[in-house]
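The values are calculated or read from the model by the stated rules, or taken from the named source; none is laboratory data. Fair warning: this is a prediction, and the values are worked out from it, not measured in the lab. Don't worry about glycine lacking a Cβ; one is built from the backbone with ideal geometry, like all the others, and counts go over all protein chains shown.
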């Protein structure tokens, strides 16, 4: 008999396939059921059905739902940004531990950040939309070689982003909350990074101290015509101030994979601006990252089943 039961409550087809392949019922001391990707948060208690562990990819776990999960003791969140979906401290007060996963998709997210940066510099998506509508839009882009990329926050994803940016001939400067060093990267104070970078890429974790970090005052400090990339969390940015700066072209172009509200509501103002490139919080979605992510989640389940 398995020592524990887990439920992957909101597995996408790709993640479900990986979970079924990587779970070995002959050796793993836990059983795991796989749910559906479109589950509503209110349906989580029924989906768990008395399981001790919930594996969660993209669904919120509000406290009122967690209180109805009588046996729930551990949540394995697929990523680092659990705070966007749940309150770890409040869950801990209910006796529920939240486990997160780092490093599974550093290269995937960094590649997306650079892809958004390329489009922000070259206007490829805008020209594509125009040509499909019968327009011949030839716009002047920014040459990235020789320009300065400023990284706000410096963990594994930022390190990969720096590697790629250095490879295309950019200069890279960075600010981090704790002291760091990295080959080819010059670390500077935040004001210098904001004021001198030709492009800014955000790589901070979201917590109470970083919510709204790129505020109206800090946006005002940015170099006029700056490119902004955010593959971290939408709530790091004062969205209204960013939209105002985009309209004034103080921010020349933003490449965004994350938003204050997700999914982005139909008709959201960001969808009306021609100097924004939008992707659907998919930076980490590659087969390689999926494999790493699910393997790490199941390793958490093994540790929990073993009483670790």
Scan of segment 264-301 for residues that are assigned by TED's automatic domain parsing to the domain that holds residue 235 and more than 24 Å from residue 118 (Cα to Cα), ordered by number
265, 266, 267
Does residue 15 count as touching a helix residue (DSSP H, G or I) at 6+ places or on another chain (Cβ under 8 Å), assigned to a loop (DSSP other than H, G, I, E, B) and buried (at least 21 other Cβ atoms within 10 Å of the Cβ)?
no
Please work out which residue is surrounded by the most Cβ atoms within 10 Å (Cβ to Cβ), limiting yourself to segment 207-238 and to residues that are within 16 Å of the chain's Cα centre (by Cα) and part of a helix (DSSP H, G or I).
236
Out of 46, 71, 31, 54, I need the residue that is assigned by TED's automatic domain parsing to the domain that holds residue 301, over 30 Å from residue 211 (Cβ atoms) and in a strand (DSSP E or B). Which one?
31
So residue 282 passes all but one of these: (1) in contact with a helix residue (DSSP H, G or I) (Cβ under 8 Å, 6 or more places away or on another chain); (2) within 30 Å of residue 25 (Cα to Cα); (3) at pLDDT below 95. Which condition number does it fail?
(2)
In segment 11-34, which residues are touching a residue at least 24 places away in the same chain (Cβ under 8 Å) and in contact with a strand residue (DSSP E or B) (Cβ under 6 Å, 6 or more places away or on another chain)?
11, 19, 23, 30, 31, 32, 33, 34
Those residues of segment 162-198 that are in contact with a helix residue (DSSP H, G or I) (Cβ under 6 Å, 6 or more places away or on another chain) and touching a residue at least 40 places away in the same chain (Cβ under 8 Å) come to a total of 2
Being touching a strand residue (DSSP E or B) at 6+ places or on another chain (Cβ under 9 Å) and not in a helix (DSSP H, G or I): is that true of residue 258 here?
yes
